[in-house]
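K.L.:
Shown below is the structure under consideration.
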Amino acid sequence: MMFGQKKSKAWRNLECVYRRFKDTQMRDLFAADRMRGERYSLKLENMLLDYSKNRINDTVMQALFALAEERGVRDKIKAMFGGQKINQTENRAVLHVALRKQDNEPIYVDGHDVMPQIRNVLNKMRDFSEAVRLGTFTGYTGKKLTNIVNIGIGGSDLGPFMATEALRPYWAKDIKCYFISNIDGTACAEVLNKLDPETTLFIVASKTFTTIETLTNAHTCRHWLTDALGEHAVSKHFVALSTNKAEVEKFGINSDNMFEFWDFVGGRYSMWSAIGLIICIAVGYKNFERMLQGAYAMDKHFATADFAHNIPVILALLGIWYNNFYNIHRYAVIPYDQYLQYLPNYLQQLDMESNGKSITLDNEPVDYATGPVLFGGAGTDVQHSFFQLLHQGTGIVPVDFIIPAISHNEIGNHHPILISNILAQGEALMHGKTEKEASAELEKAGKSKSEIARLKKYKSFSGNRPSNTIIFKKIDPFALGQLIAMYEHKVFVQGVIWNIDSFDQFGVELGKQMALNILPEIEGTAFGVEHDSSTTGLINYIKKIRK
Ligand code: F6P
């Protein structure tokens, strides 16, 4: 792929389309086409995507599809599913899709079929999670392990945490799950305070098994356990999820208690692998398998549907349209489902760690914007925090709204109220309210002419603000699998179009390195290390207070 996509034919065409289209109002497009909602909607299994409330028409979409063709999205999809080393900077295959593959076809990496090893680990996860749930694998003193603690960070935390919370209605009644990620001692202390060592299972989740937060937390938990039950208890209370057997053994967990995964599974794409063990224990292997099947359904759709009917491709192209042509470098994901409240946190790593890049695969600086800033939170809560800015702020924020048609908790009319809110938000953002409409409303409310003149601008909404609406029948394991795979593939397509490596994360390294330099200074074992005057001043200030 050639660097400098602004100069490519499809890109130049999109610039022309943009110039002609940019001031078009969505409310006019809806008024002109009664079928618009239906026309820009797609269904897959129990899921519906309505993307009609976007600044698009057929010409825009055709131009975007042409860009996807030109950028070789089709070949890159094949390359990923085929086990090619598309993580170019790290020379690795990218095979989270293999983890949820339900057919019997092999996938070769370096001439070796990776599927048997994946199935072996899945079988081991099934057997172990069932044994914990049934109480046949117990703690050292013979008690059932009912408190499961996942110790991990980033991809070794956010995925399992988000998914376990999303599937709370499926949890075994007597099992409780906890997550320790932050190095802040409070994270560890607050979880351990609640637990009894005899009934606690620690899952140390780390792809590399060298991450300072995870290892520090794991050592603290190990001390807490051995202080209470002795060294022999470790094998009954600690398991490891990792690609690094040597480091796992060094920590003191034997390989029988290790669930392996491989370097072709990126951290932020790993909840389908051994990293999902806590999900299996919480909801049972059958439900975990349903989640894999949901993801597989999305994988098949992504790999086979033409671009005009391809959900992840369409979402990706809409993101490109706003990011690179409207210069809108942000978007919000708002699940209207309490169980999905951690989805935005999870997606932040997926999207921003994958596409927050500025060097192309051809080793050149990009001359166009890449990954946007993603934020979000659960509706309706966030309607009462940042939605003011979404409706009347100077910057546009495209939104993904997500809701199940049926709640796990159909109490009174809560869910109809929730549904009416999500639909109203999308409609309001798109439609807006003109000054004329605002004036008419104020007049109807009995306001005087001078009051109307004073208030009408404040009470009007520019509208034309884009959103997608994604509706599931219910958030069950299958739906969750579909949803997460959809976002993974969306991020992938954008990475292909931007010609960047979505699968490395060198950007997190500099801060880690520098923290290792500062640590001995804070601990008082190194002095006079050279920093800028701000950092030196801050180190000295904190040391003085901690003395
Ligand atoms: O933050 C960087 C990162 O490497 C993430 O990509 C990863 O998910 C996280 O750290 C945790 O890494 P590990 O699983 O190796 O402990």
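The values are calculated or read from the model by the stated rules, or taken from the named source; none is laboratory data. Since this is a predicted model, take the numbers as computed values, not measurements. Backbone-built Cβ (ideal geometry, glycine too); neighbour counts: all protein chains shown. Note: accessible area is taken over every heavy atom of the protein model, side chains too, but ligands, DNA and RNA are not part of it. Shrake-Rupley method; radii C 1.70, N 1.55, O 1.52, S 1.80 Å.
K.L.:
Using DSSP to define loop residues, name the trypsin sites (Lys or Arg not before Pro) in region 179-280 whose beta-carbon has at most 15 other beta-carbon atoms within 10 Å.
P.N.:
Listed in order of number, the matching sites are 194.
K.L.:
Further, regarding this structure: At most 11 other Cβ atoms within 10 Å and a DSSP loop assignment: could you name the trypsin sites (Lys or Arg not before Pro) in region 97-191 that fit?
P.N.:
173
K.L.:
For a quick check of understanding: with a 1.4 angstrom probe and all protein chains in place, what accessible area in square angstrom does residue 451 have, to the nearest ten?
P.N.:
70 Å²
K.L.:
Straight-line reach only, C-alpha to C-alpha below 22 angstrom: list the lysines that residue 433 could link to, leaving out same-chain residues fewer than 8 apart.
P.N.:
22, 53, 444, 447, 449, 456, 457, 459
K.L.:
Still on this structure, I have one more. Please state the charge dipole magnitude for region 410-488, taken about the Cα centre, from unit charges on C-beta atoms (+1 on K and R, -1 on D and E), reported in debye and rounded to the nearest 20.
P.N.:
So the magnitude is around 520 debye.
K.L.:
Right, here's the next one. For residue 533 and residue 381, what is the calculated FRET efficiency with R₀ set at 35 Å and r taken between the beta-carbons, to the nearest 0.05?
P.N.:
0.25
K.L.:
Above 22 Å lies some portion of the pair distances; for region 109-288, what is it as a whole percent of all C-alpha pairs?
P.N.:
Here the long-distance tail beyond 22 Å is 39 percent of all Cα pairs in region 109-288.
K.L.:
With Kirkwood's inverse mean 1/r over C-alpha pairs for Rh, give me the Rg to Rh ratio of region 131-185, two decimals please.
P.N.:
Ratio of gyration radius to Kirkwood radius for region 131-185: 1.02.
K.L.:
Which lysines have a Cα lying under 17 Å from the Cα of residue 173, excluding residues fewer than 8 positions away in the same chain?
P.N.:
Those lysines meeting the cut-off are 143, 144, 286.
K.L.:
Okay, moving on. Starting from the amide H of residue 357, placed 1.01 Å from N in the peptide plane, find each other amide H under 5 Å away whose residue is 5 or more places distant or on another chain.
P.N.:
Hits under the 5 Å cutoff: 371.
K.L.:
Tell me, what HN-Hα J-couplings in whole Hz come from the Karplus equation 6.51 cos²θ - 1.76 cosθ + 1.60 at θ = phi - 60° for each residue of region 196-208, using x for Gly and Pro?
P.N.:
Listing the rounded values in order: 10, x, 5, 10, 10, 10, 9, 10, 8, 10, 7, 4, 8 Hz.
K.L.:
I've got another one for you. Among 359, 390, 418, whose Cα projects farthest towards the positive end of the dipole of region 338-438, with charges put on the beta-carbon of Lys, Arg (+1) and Asp, Glu (-1)?
P.N.:
Result: 418, furthest along the dipole toward the positive end.
K.L.:
Go ahead and run the numbers for FRET between residue 420 and residue 58, Cβ-Cβ distance against an R0 of 35 Å, rounding to 0.05.
P.N.:
With R0 = 35 Å, the Cβ-Cβ based efficiency is 0.70.
K.L.:
Can you bin region 386-481 into rounded, prolate or oblate? Criterion: square roots of the alpha carbon gyration tensor eigenvalues sorted a ≥ b ≥ c, rounded for a/c under 1.5, prolate for a/b above b/c, oblate for the rest.
P.N.:
Prolate is the answer for region 386-481, as a/c is 1.5 or above and a/b outweighs b/c.
K.L.:
Oh, and also: Report the one residue of 188, 206, 220 whose Cα lies farthest in the direction of the positive end of the charge dipole of region 184-226 (charges on C-beta: Lys and Arg +1, Asp and Glu -1; origin at the Cα centre).
P.N.:
Checking the options against the dipole of region 184-226, the answer is 206.
K.L.:
Considering Cα pairs under 8 angstrom that are at least six residues apart, work out the relative contact order of region 277-389 and quote it in whole percent.
P.N.:
About 24 percent, as a whole number.
K.L.:
If you don't mind, there's one more thing I want to ask. If you average the alpha carbon positions of region 217-248 and of region 364-408, how far apart do those two centres end up, in angstrom?
P.N.:
First find each Cα centre; the distance between them is then 40 Å.
K.L.:
Rounded to a whole number, what % of the accessible area of the chain do carbon and sulfur atoms account for, probe 1.4 Å?
P.N.:
52 percent
K.L.:
A further question on this structure: If you wrap region 507-546's Cα atoms in a convex hull and average its projection over all directions, what's the area in nm²?
P.N.:
Dividing the Cα hull surface by four gives the mean projection, 3.0 nm².
K.L.:
Per 0.36 nm of contour for each residue apart, how much would the distance between residue 545 and residue 474 grow if the chain were fully extended, relative to their Cα-Cα spacing?
P.N.:
Between residue 545 and residue 474, full extension yields 20.3 nm more.
K.L.:
While we're here: Let me know the whole percent of all Cα-Cα pairs from the chain that are separated by more than 30 Å.
P.N.:
Taking all Cα-Cα pairs of the chain, the fraction more than 30 Å apart is 55 percent.
K.L.:
For region 240-250, in order, what is each residue's ³J(HN,Hα) by Karplus, 6.51 cos²θ - 1.76 cosθ + 1.60 with θ = phi - 60°, in whole Hz (x at glycine and Pro)?
P.N.:
10, 10, 6, 9, 10, 4, 4, 5, 4, 5, 4
K.L.:
Given a Förster distance of 41 angstrom, what is the FRET efficiency for residue 45 paired with residue 228, based on the Cβ-Cβ distance and rounded to 0.05?
P.N.:
That gives a FRET efficiency of 0.30.
K.L.:
Continuing with the same structure: State to the nearest 20 debye the size of the charge dipole of the chain about its Cα centre, where the only charges are +1 on K and R beta carbons and -1 on D and E beta carbons.
P.N.:
Using only the charged Cβ atoms, the result is roughly 1560 debye.
K.L.:
Considering only protein heavy atoms, what is the solvent-accessible area of residue 223 at a probe of 1.4 Å, reported in Å² to the nearest 10?
P.N.:
It works out to around 120 Å².
K.L.:
Would you work out which of 229, 158, 94 lies farthest towards the positive end of the dipole of the chain, given +1 charges on the beta-carbon of Lys and Arg and -1 on that of Asp and Glu, about the Cα centre?
P.N.:
Of the candidates, 158 comes out farthest on the positive side.
K.L.:
Also, I was wondering about something else. What aspartates and glutamates does residue 85 reach when the alpha-carbon gap must be under 17 Å and sequence neighbours fewer than 8 apart in one chain are set aside?
P.N.:
Within reach: 75, 110, 113, 263, 362, 501, 504.
K.L.:
What whole-number distance in Å separates the alpha-carbon centres of region 440-468 and region 172-213?
P.N.:
Cα centroid of region 440-468 versus Cα centroid of region 172-213: 52 Å apart.
K.L.:
Work out, step by step, the length gained on full extension between residue 174 and residue 254: first 0.36 nm times the residue separation, then minus their alpha carbon distance; give nm to one decimal.
P.N.:
26.0 nm
K.L.:
Now for a separate question. Could you state how much accessible area residue 248 has, in square angstrom rounded to the nearest 10, with a 1.4 Å probe and all protein chains kept in place?
P.N.:
Number for this one is 0 Å².
K.L.:
Please report, ordered by residue number, every helix of the chain (full DSSP H runs) that is 24 Å or longer along its axis going by C-alpha atoms and whose mean Kyte-Doolittle hydropathy reaches -0.5.
P.N.:
Span-like helices here: 115-134, 212-229, 414-431, 477-498.
K.L.:
Amide H to amide H under 5 Å from residue 86: which residues, 5+ apart in sequence or cross-chain, H placed 1.01 Å off N in plane?
P.N.:
Close amide H contacts, sequence-distant or interchain: 94.
K.L.:
Can you give the accessible area per residue of the chain, in Å², using a 1.4 Å probe?
P.N.:
Accessible area per residue: 45 Å².
K.L.:
A further question on this structure: Just grab the label-to-label distance for residue 437 and residue 127, each label 7 Å out from Cα along the Cβ direction, in nm (one decimal).
P.N.:
Going by the 7 Å Cα→Cβ label model, 6.3 nm.
K.L.:
Full-extension gain between residue 212 and residue 23, please, as 0.36 nm times their residue separation minus the C-alpha to C-alpha distance.
P.N.:
Fully extending the segment from residue 212 to residue 23 adds 63.0 nm.
K.L.:
Of the listed peptides 530-540, 498-508, what is their order by residue-averaged count of other C-beta atoms within 10 Å, with the highest listed first?
P.N.:
498-508, 530-540
K.L.:
Out of all DSSP beta bridges with both ends in the chain, state the antiparallel percent to the nearest 5.
P.N.:
Looking only at bridges with both residues in the chain, the antiparallel portion is about 30 percent.
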